[in-house]
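*Asks:* I am attaching a structure below and will ask some questions about it afterwards.
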Amino acid sequence: MKAKLATDSAVKLRRFRKIRNLPFTRFFGVMTGAILAAAGLELFLMPHGIVVGGMTGLSVLFALTAEMKLGLFLFLLNLPLILLERKNIDAPFGLFTVCGLLVFSLGTLVLHPSPALTGDPLPAALLGGLCLGSGLGLALRFGGALDTAGQTVEGLPRKQRQLFPFEGMRLLLNCTILLAAGFHFGFEQAVYSVTAYILAHESMKILLRGIRLQVRVRIQTDRPAEIQERLMLYLNREAVTVQGQSEEKTPGQLECLCHYLELPRLKALVKDGDPDGEVTVEP
């Protein structure tokens, strides 16, 4: 009985993935994400001068400063990055991205005359961040990007990505945008902007990866025995050896399941035991 249920679940999952990967389904998903993100910007964030991160936040900052339409900046700032990365992206992704950006930009232009749905900036930051992040995440899940800053950083050469990691560069860009917004619009607006950014970021992550309490971590280290001992002692987590350390001094590889809230502690323990160790969270 259990085997039959498992087989039925696997068949349904394959059928769902097949439907999700159809061109029409992907196109509809990207367009829905673009409309949702446009509504979050124009109906909640823009009327209150709330700025988020990425190219979207930079576009909002320019639009509010220059008192021009947001849709123009959204398209003009993202399009050059797509052209720069055209060799690193496949044709369907590029096509869905351009179409999504067009709908995203046109959606903000159409919704611009509409009044804000709330007069209080705090609910506007919460609801706007949620709508924007959900729209961006939905578009990415179906194979299109409405904010191309992340794709540009990921497309950098390997050596540059080692010098400037993706998370570090994205954090630097977003902090610069939020600081500029804070200096220009004041401290109170900066607090609302940070709130909207965090909600947008987390809602996008949930749409892309789902809600996972446990994550699988792969550890590459020259001291596998010591790392295993430290994880068991301090976190009560068992790390399984995937690949032992060879005589040619190639690092060993460990695998461990942990709660996502334990990740900072786990990374710190690995770095304390082996400063050259690498921790990778599997998607």
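The values are calculated or read from the model by the stated rules, or taken from the named source; none is laboratory data. Keep in mind that what you see is a predicted model, and the values were worked out from it rather than measured. In this analysis, Cβ positions are derived from the backbone assuming ideal geometry, glycine residues included, and neighbour counts consider all displayed protein chains. Heavy atoms of the whole protein, side chains included, go into the accessibility calculation; ligands, DNA and RNA do not. Shrake-Rupley method; radii C 1.70, N 1.55, O 1.52, S 1.80 Å.
*Asks:* Using a simple spin-label model with points 7 Å from Cα along the Cα→Cβ vector, what separation in nm is obtained for E67 and V240?
*Replies:* So the label points at E67 and V240 sit 6.4 nm apart.
*Asks:* Which net charge results for the neighbourhood of E282, defined as the other residues with beta-carbon distances under 9 angstrom from its beta-carbon, given Lys and Arg at +1 and Asp and Glu at -1?
*Replies:* With Lys, Arg at +1 and Asp, Glu at -1, the net is +1.
*Asks:* Using the crude model of +1 on Lys and Arg Cβ and -1 on Asp and Glu Cβ, and no other charge, please compute the dipole size for segment 50-157 relative to its Cα centre, in debye to 20.
*Replies:* 160 debye
*Asks:* While we're on this one: Provide C256, C131 ordered by accessible surface of protein heavy atoms (probe 1.4 Å), highest first.
*Replies:* From most exposed to least exposed: C131, C256.
*Asks:* Which FRET efficiency value, to the nearest 0.05, is calculated for A91 and L208 with the Förster distance at 35 angstrom and r the Cβ-Cβ distance?
*Replies:* My answer for the efficiency is 0.95.
*Asks:* Calculate, for A180 and L109, the FRET efficiency according to 1/(1 + (r/R0)^6) with r their C-beta to C-beta distance and R0 35 Å; round to the nearest 0.05.
*Replies:* Efficiency computed from Cβ-Cβ geometry: 0.90.
*Asks:* Taking H as built 1.01 Å from N, whose amide H comes closer than 5 Å to the amide H of V52, not counting residues under 5 places away?
*Replies:* G57
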